[in-house]
Amino acid sequence: MKVYLKTRAGKWILVKGWLKQVSTRSGKRTQGYALLGEETDPPEVEGGEELVIPASGFSRLLSKVVNAGEGVVVVEQVDTEHLRVRGKSEDVRRVAQIARELKIVE
């Protein structure tokens with residue numbers, strides 16, 4: 001699924017996936033992940049649905065949604081603790097189903 005994410009700086013990013021970063025420090029190996037995407041303009045979403053989700057579990061949700069098949073959703077911040085997901089009704093329902101599976105929303 002294509003996910004368009006609005007950053008805090010007001011720029012739109014089309015999320016392409018995750019980049020795995022491995023660092024070794026004092027013999028200890030740690031893994032981190034960075035968001036991989038490109039700056040672009042979001043598509044117009046009219047007549048669709050909206051879903052407000054907590055921002056706390058968004059990283060886990062984003063990794064699943066990007067690999068969820070076809071569809072387009074637009075994600076923007078409502079406040080510091082919530083995000084709004086907009087898109088066609090079937091795409092938003094699929095995001096809501098994934099969020100329930102991950103126990104992000106009830």
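Bear in mind these aren't lab numbers, they're just calculated from the coordinates by the rules spelled out. Keep in mind the model is a prediction, meaning the values are calculated, not measured. With ideal geometry, Cβ positions are generated from the backbone for all residues, glycine too; neighbour counts draw on all protein chains shown.
Which angle from 0 to 90°, rounded to the nearest 10, does the C-alpha axis of helix 89-101 make with the longest principal axis of the chain?
It works out to around 40 degrees.
Where does the chain land at 222 nm, in deg cm²/dmol rounded to the nearest 500, when only DSSP H runs of n ≥ 4 count, each adding -39500 (n - 2.57), divided by all residues? Walk me through the numbers on the way to the answer.
Numbers: 2 runs with 22 residues, N = 106.
Theoretical 222 nm ellipticity from helices: -6500 deg cm²/dmol.
Using unit Cβ charges (K, R positive; D, E negative) and no other charged atoms, how large, in debye to the nearest 20, is the dipole of the chain about its Cα centre?
Details: 18 positive and 15 negative charges, 172 e Å.
Magnitude of the dipole: close to 820 debye.
Among Trp12, Gly48, Leu62, whose Cα lies farthest out toward the positive end of the dipole of the chain, if unit charges sit on the beta carbon of Lys, Arg (+1) and Asp, Glu (-1)?
Leu62
Listed here are the pairs Lys11/Lys103; Lys6/Lys64; Lys28/Lys64; Lys28/Lys103; which of them are more than 25 Å apart at the Cα?
Details: Lys11/Lys103 29 Å; Lys6/Lys64 18 Å; Lys28/Lys64 28 Å; Lys28/Lys103 32 Å.
Lys11/Lys103; Lys28/Lys64; Lys28/Lys103, as the Cα separations exceed 25 Å there.
Which of [x] -0.35, -0.41, -1.45; [y] -0.51, -0.58, -1.29; [z] -0.42, -0.49, -1.43 is the computed log10 I(q)/I(0) by the Debye sum over Cα atoms at q = 0.12, 0.13, 0.24 Å⁻¹ for the structure on display?
Only one listed value fits the structure, namely [z].
Treating only the Cβ of Lys, Arg, Asp and Glu as charged (+1, +1, -1, -1), what charge dipole size does the range 59-106 show about its Cα centre? Round to the nearest 20 debye. Write down the numbers at each step before the final one.
Details: 9 positive and 8 negative charges, 28 e Å.
That gives the range 59-106 a dipole magnitude of about 140 debye.
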